[in-house]
Amino acid sequence: MKEDKKKVYLRSFGCQMNKLDTALVSSALKDAGFSLTDSVKNADVVLINTCSVREHAEQRVFSHLGHLKHIKKTRLDIVVGVIGCMAQRLGAELLRHEAVDLVCGPAQIPRIVELLEKTLQTRQKSLAVTENIRQRNSEEQDLSIERFESTYGIEDKQLQSQAFVRVMRGCNNFCTYCVVPYVRGPEVCRPPEAIIQQIRRLADRGVKQVTLLGQTINSYKYKAGEKIYSLADLLWIASDIEGIEWIKFITSYPCEEFFDDILQAMADSLKVCNYLHLPAQSGSDRILTAMNRHYTAHQYLDLIDRARDTVPDIAIAGDFIVGFPGETDEDFAATAELVKKAKYRNCFVFKYSPRPGTVADERLLDNVPYELKQKRNVELLHLQETISAQLNKAFMGRKVKVLVEGLSKKPHACASGDGQHSQLVGRTATEHIVVFNGPQSLAGEFADVQITQTSPLTLFGVYEGRKS
Ligand code: SAM
Ligand code: SF4
């Protein structure tokens with residue numbers, strides 16, 4: 001493979017878990033002698049890492065595949081692979097698509113190089129999905145996934161100053177609307193020493209911020225000898241790693257398990273960032289029960305109060321689904337009420353999308369019309385915008401520390417500046433987006449920024465100096 005350096009165009013849809021998988025695949029491919037290209041035109045291979053959480057995400061992939069089908073009419077040699085959640089969900093059906101040569105589910109990703117080389121050689125369609133995805137892996141399979149996870153992404157010279165580290169795979173929660181347990185399999189927690197070693201290697205390569213990933217990350221549990229390691233333990237151990245300055249973790253499930261220990265780690269460790277992503281999904285107890293979420297709105301708000309008591313300046317983000325089957329105006333009003341009380345830093349709002357194979361799709365009627373879902377979506381976002389605008393005003397005149405990501409993608413008039421510097425974007429420990437003018441060499445570094453203007457989504461400021 002090394003001699004002809006096949007070029008791969010790798011495109012990623014979906015959540016942070018997918019971004020991490022894409023980074024691992026990219027690293028494994030480069031290690032095997034492939035090179036990456038950012039245009040389909042130059043590519044010998046197109047790989048699409050997919051998401052199945054909402055129908056819209058799948059439609060986008062199908063439209064991309066439609067485009068590739070046309071390209072393949074004149075470029076007979078191009079190989080197209082679909083990897084990730086959609087590959088696992090649709091399997092053979094996806095392989096029948098004219099454009100698709102390779103289908104590889106999330107649990108088979110460690111085999112991606114072998115599968116791709118075989119497809120390039122034989123030009124035969126190839127399917128690699130997990131037969132019984134809810135069955136626990138054998139020890140050997142777990143080891144091979146673990147090896148892949150900890151080997152790749154660490155030799156990448158272009159690694160930026162921040163990295164994702166998975167602490168658990170899969171999910172056992174079975175929220176009635178959600179496809180994740182059916183495409184990513186049962187919950188498996190990675191051994192703490194593997195996670196910590198990986199963070200150490202990332203720190204050695206200049207990574208300053210790690211974001212630990214798991215679907216219900218606060219319930220991370222791993223028994224090693226007599227000790228049961230929790231997320232709070234991981235946060236404390238990672239805090240001792242030299243070079244790592246900020247530790248974030250997503251996503252938490254609203255439950256009691258280890259909640260106070262995690263908050264305490266946040267309050268006591270300078271490195272654990274004061275940011276909590278705690279999806280509520282709804283503010284109506286009736287809907288929460290139908291969603292198989294194991295808490296009431298009252299219990300959820302109690303967790304938020306406790307979080308603010310322990311970590312007064314904590315920033316909390318929420319997820320909501322509007323238009324879940326049977327959601328009435330009263331249910332939606334309860335959600336809006338919860339949003340007002342929770343005072344989120346920001347909210348992600350999704351229109352309910354029925355997912356084949358889930359309990360909600362099989363047993364409940366998707367009876368909230370699309371227009372009403374859309375209306376509720378806009379209303380909730382608007383409400384959150386008012387709250388965010390208010391909360392962000394408190395930043396006026398304050399100096400914040402940001403980890404600079406690089407050039408701002410879209411120019412903001414508010415931060416237009418001195419003509420000497422570029423418009424940069426970075427994030428605070430609390431995930432606030434900050435736009436300011438500064439030297440491009442700041443990318444990947446910490447900087448102090450004095451906030452001079454705010455909007456609901458962004459803080460704008462003046463560069464005060466590099467933070468060592
Ligand atoms: N594990 C996380 C949790 O329990 O909060 C979330 C994982 S899911 C990939 C991300 C978000 O997608 C969820 O919080 C939910 O709001 C949304 N989501 C999941 N299934 C959905 C569906 N069928 N329709 C609309 N939104 C959905
Ligand atoms: Fe999906 Fe619920 Fe698991 Fe989150 S906790 S991944 S929403 S099943």
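The values are calculated or read from the model by the stated rules, or taken from the named source; none is laboratory data. Quick caveat: nothing in here was measured; it's all calculated off a predicted structure. Virtual Cβ from ideal backbone geometry, glycine too; neighbours counted across all protein chains shown. Accessible surface areas use protein heavy atoms only, side chains included; no ligands, DNA or RNA. Shrake-Rupley method; radii C 1.70, N 1.55, O 1.52, S 1.80 Å.
If Gly81 satisfies every condition in (1) surrounded by fewer than 22 Cβ atoms within 10 Å (Cβ to Cβ); (2) within 17 Å of Lys125 (Cβ to Cβ); (3) at pLDDT 95 or above but one, which is the exception? The failed condition is (1).
Every residue, every condition in (1) of a type in the set (Phe, Trp, Tyr); (2) modelled with pLDDT under 90, yes or no:
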| site | (1), (2) |
| --- | --- |
| Asp142 | no, yes |
| Gly153 | no, yes |
| Leu159 | no, yes |
| Phe164 | yes, no |
| Gly170 | no, no |
| Phe174 | yes, no |
| Pro186 | no, no |
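Quick one: in the range 295-306, which of the residues that are open to solvent by 30 Å² or more (accessible area, probe 1.4 Å) and not acidic (Asp, Glu) is nearest to Gly318 (Cα to Cα)? This residue is Leu301. Taking the numbered list (1) in contact (Cβ under 8 Å) with a residue 12 or more places away in the chain; (2) within 29 Å of Asn172 (Cα to Cα) in turn, Lys341 passes all entries but (2). Select, from Leu24, Leu20, the only residue that is open to solvent by less than 60 Å² (accessible area, probe 1.4 Å), within 16 Å of ligand 2 (Cβ to nearest atom) and not in a strand (DSSP E or B). The match here is Leu20.
Only one of the listed residues (Gly397, Gly426) is small (Gly, Ala, Ser) and assigned to a strand (DSSP E or B). That residue is Gly426.
In the range 157-166 there is no residue that is assigned to a loop (DSSP other than H, G, I, E, B) and within 16 Å of ligand 1 (Cβ to nearest atom).
Looking only at residues in the range 447-468 that are part of a strand (DSSP E or B) and hydrophobic (A, V, I, L, M, F, W, C), the one that is nearest to the chain's Cα centre (by Cα) is Leu459. Taken together, the criteria place Lys73 among residues that are open to solvent by 70 Å² or more (accessible area, probe 1.4 Å) and of a type outside the set (Gly, Ala, Ser).
Against the list (1) within 14 Å of ligand 2 (Cβ to nearest atom); (2) open to solvent by 10 Å² or more (accessible area, probe 1.4 Å); (3) closer than 29 Å to Ile195 by Cβ, the condition Ile321 fails is (3). Among what's in the range 188-222 and is part of a loop (DSSP other than H, G, I, E, B) and within 14 Å of Ser252 (Cα to Cα), pick the residue that is farthest from ligand 1 (Cβ to nearest atom). Within the range 188-222, the match that is farthest from ligand 1 (Cβ to nearest atom) is Tyr220. Annotation: of all residues in the range 307-317 being buried (at least 19 other Cβ atoms within 10 Å of the Cβ) and assigned to a loop (DSSP other than H, G, I, E, B), the one that is farthest from ligand 1 (Cβ to nearest atom) is Val311. Take the residues of the range 428-442 that are over 14 Å from Asn392 (Cα atoms) and surrounded by 18 or more Cβ atoms within 10 Å (Cβ to Cβ): which is nearest to the chain's Cα centre (by Cα)? The extreme case among them is Ala429. In the set (1) touching a strand residue (DSSP E or B) at 6+ places or on another chain (Cβ under 7 Å); (2) open to solvent by 70 Å² or more (accessible area, probe 1.4 Å), the condition left unmet by Lys343 is number (1).
Looking at Phe320, Phe324, which one is under 30 Å from Lys373 (Cα atoms), part of a strand (DSSP E or B) and touching a residue at least 24 places away in the same chain (Cβ under 8 Å)? Exactly one of Phe320, Phe324 is under 30 Å from Lys373 (Cα atoms), part of a strand (DSSP E or B) and touching a residue at least 24 places away in the same chain (Cβ under 8 Å), namely Phe320. Restricting Leu407, Leu380 to those that are open to solvent by 70 Å² or more (accessible area, probe 1.4 Å) and among the aliphatic types (A, V, I, L, M) reduces the list to Leu407. Within the range 44-67, being away from ligand 1 (no atom under 16 Å from the Cβ), open to solvent by 10 Å² or more (accessible area, probe 1.4 Å) and in a helix (DSSP H, G or I) holds for Phe62, Ser63, His64, Gly66, His67. For the range 68-90, the criterion of being closer than 28 Å to Ser150 by Cβ and assigned to a loop (DSSP other than H, G, I, E, B) is met by none of the residues.
Selection over the range 212-231 of residues that are within 16 Å of ligand 2 (Cβ to nearest atom) and modelled with pLDDT of 95 or more gives a count of 10.
Pairs are defined by a Cβ separation below 6 Å, a sequence spacing of at least 6 or placement on different chains, a first member in the range 448-468 that is under 21 Å from Ala317 (Cβ atoms), and a second member that is surrounded by fewer than 17 Cβ atoms within 10 Å (Cβ to Cβ) and of a type in the set (Gly, Ala, Ser); the pairs so defined are Pro456/Ala389. If we keep just the residues of the range 155-211 that are acidic (Asp, Glu) and more than 14 Å from Gly243 (Cβ to Cβ), which is farthest from ligand 2 (Cβ to nearest atom)? Across the range 155-211, the extreme among qualifying residues is Glu155.
So, in the range 346-366, of the ones that are part of a strand (DSSP E or B) and within 16 Å of ligand 2 (Cβ to nearest atom), which residue ends up most open to solvent (accessible area, probe 1.4 Å)? Filtering first and then ranking leaves Phe348. Scanning the range 221-266 for residues that are closer than 21 Å to Leu403 by Cβ and not aromatic (Phe, Trp, Tyr) yields a count of 16.
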